[in-house]
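Participant: Mind looking over this structure? Questions follow.
The values are calculated or read from the model by the stated rules, or taken from the named source; none is laboratory data. All figures in this text were calculated on a predicted structure; none of them were measured in a lab. Positions of Cβ are backbone-derived with ideal geometry, glycine not excepted, and every protein chain shown enters the neighbour counts. Quick note on the areas: whole protein, heavy atoms, side chains included, nothing else; ligands and nucleic acids left out. Shrake-Rupley method; radii C 1.70, N 1.55, O 1.52, S 1.80 Å.
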Amino acid sequence: QSDMQLLGIVDELDESVNTNGKQGFTLVELLIVVIIMGILAAVVIPQFKSSADETRESTLLSNLASMRSAIELYTIQHNDIPPGTVSGTSNWNNFTTHMITSTDENGAAGSDYGPYLRTGVPRNPVNGMNTGTVGTIPNAPDDNTGWYYDATTGDIKANSSGTGPTTGIDYFDM
């Protein structure tokens, strides 16, 4: 008889907790799951950010190496004159044209040399811009364009503030 009474109490408890006959999770159980997911997200999300920063830095180094190689090859093939200058005028449009089209040894449209950057001037992955400023490279970036280019020396730099997470070097000094 005591077993029957015990079963009756359990049945009553079941009915008082679950009055509609459906089974589900309680609010406390759902809150615990949400809290655990929040803790896991707080641990994992910084790892993704770090990976994204490292990827940007690696892409920037690769883009700079490609552009520096293209500039050096252009300069060698065009009688030691870096790209970007046409009739004494240096600007970003001239630089881009020299990098993405075929030219003769004087830098005019032709078929002797190039193109040097077949897919165009790459974007600066740190600030997302593929425009440039031509002239003497300043001592610090202003982040208004993607690149700084000195048409006299052929030097190119990223116009980006910040420091690479892997190398610890300022983006501007890479």
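Participant: Has segment 46-58 got at least one residue that is touching a Gly at 6+ places or on another chain (Cβ under 9 Å), closer than 22 Å to residue 147 by Cβ and part of a loop (DSSP other than H, G, I, E, B)?
Facilitator: The answer is no, given that none of the residues of segment 46-58 is touching a Gly at 6+ places or on another chain (Cβ under 9 Å), closer than 22 Å to residue 147 by Cβ and part of a loop (DSSP other than H, G, I, E, B).
Yes or no, residue by residue, for (1) open to solvent by less than 30 Å² (accessible area, probe 1.4 Å); (2) more than 17 Å from residue 91 (Cβ to Cβ); (3) among the hydroxyl-bearing types (Ser, Thr, Tyr):
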{"residue": "109", "(1), (2), (3)": "no, no, no"}
{"residue": "115", "(1), (2), (3)": "no, yes, no"}
{"residue": "120", "(1), (2), (3)": "yes, no, no"}
{"residue": "123", "(1), (2), (3)": "no, yes, no"}
{"residue": "128", "(1), (2), (3)": "no, yes, no"}
{"residue": "131", "(1), (2), (3)": "no, no, yes"}
{"residue": "140", "(1), (2), (3)": "no, yes, no"}
{"residue": "144", "(1), (2), (3)": "no, no, no"}
{"residue": "147", "(1), (2), (3)": "yes, no, no"}
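Participant: Within the set of pairs 6 or more residues apart or between chains, which connect a residue that is open to solvent by less than 70 Å² (accessible area, probe 1.4 Å) inside segment 66-80 to a residue that is in a helix (DSSP H, G or I) with Cβ atoms less than 7 Å apart?
Facilitator: Listed pairs, sorted by first residue: 70/99; 74/98.
Participant: Output the residues belonging to segment 151-160 that are at pLDDT 95 or above and open to solvent by 20 Å² or more (accessible area, probe 1.4 Å).
Facilitator: Once the filter is applied, which keeps residues that are at pLDDT 95 or above and open to solvent by 20 Å² or more (accessible area, probe 1.4 Å), segment 151-160 yields 155, 157.
Participant: Can you confirm whether segment 26-40 contains a residue that is among the hydroxyl-bearing types (Ser, Thr, Tyr), at pLDDT below 55, over 30 Å from residue 128 (Cβ atoms) and out of contact with any Cys (no Cβ under 9 Å at 6 or more places or on another chain)?
Facilitator: If we filter segment 26-40 for residues that are among the hydroxyl-bearing types (Ser, Thr, Tyr), which is where we start, we get 26.
Narrowing further to those that are at pLDDT below 55: none.
Looking through segment 26-40, none of the residues is among the hydroxyl-bearing types (Ser, Thr, Tyr), at pLDDT below 55, over 30 Å from residue 128 (Cβ atoms) and out of contact with any Cys (no Cβ under 9 Å at 6 or more places or on another chain).
Participant: Taking segment 165-174, which residues are at negative phi and open to solvent by less than 60 Å² (accessible area, probe 1.4 Å)? I'd like the intermediate steps shown before the answer.
Facilitator: At the first step, the residues of segment 165-174 found to be at negative phi are 165-167, 169-174.
Listed by number, the residues that qualify are 171, 172, 174.
Participant: Continuing with the same structure: What about residue 103, is it more than 14 Å from residue 132 (Cα to Cα) and within 33 Å of the chain's Cα centre (by Cα)?
Facilitator: The answer is yes for residue 103.
Participant: While we're here: Taking the stated definitions as given, is residue 162 on the phi > 0 side of the Ramachandran plot and either within 15 Å of the chain's Cα centre (by Cα) or among the β-branched types (Val, Ile, Thr) (or both)? Spell out how you get there, then give the answer.
Facilitator: Values: on the phi > 0 side of the Ramachandran plot: yes; either within 15 Å of the chain's Cα centre (by Cα) or among the β-branched types (Val, Ile, Thr) (or both): yes.
Taking the combined requirement at face value, the residue satisfies it.
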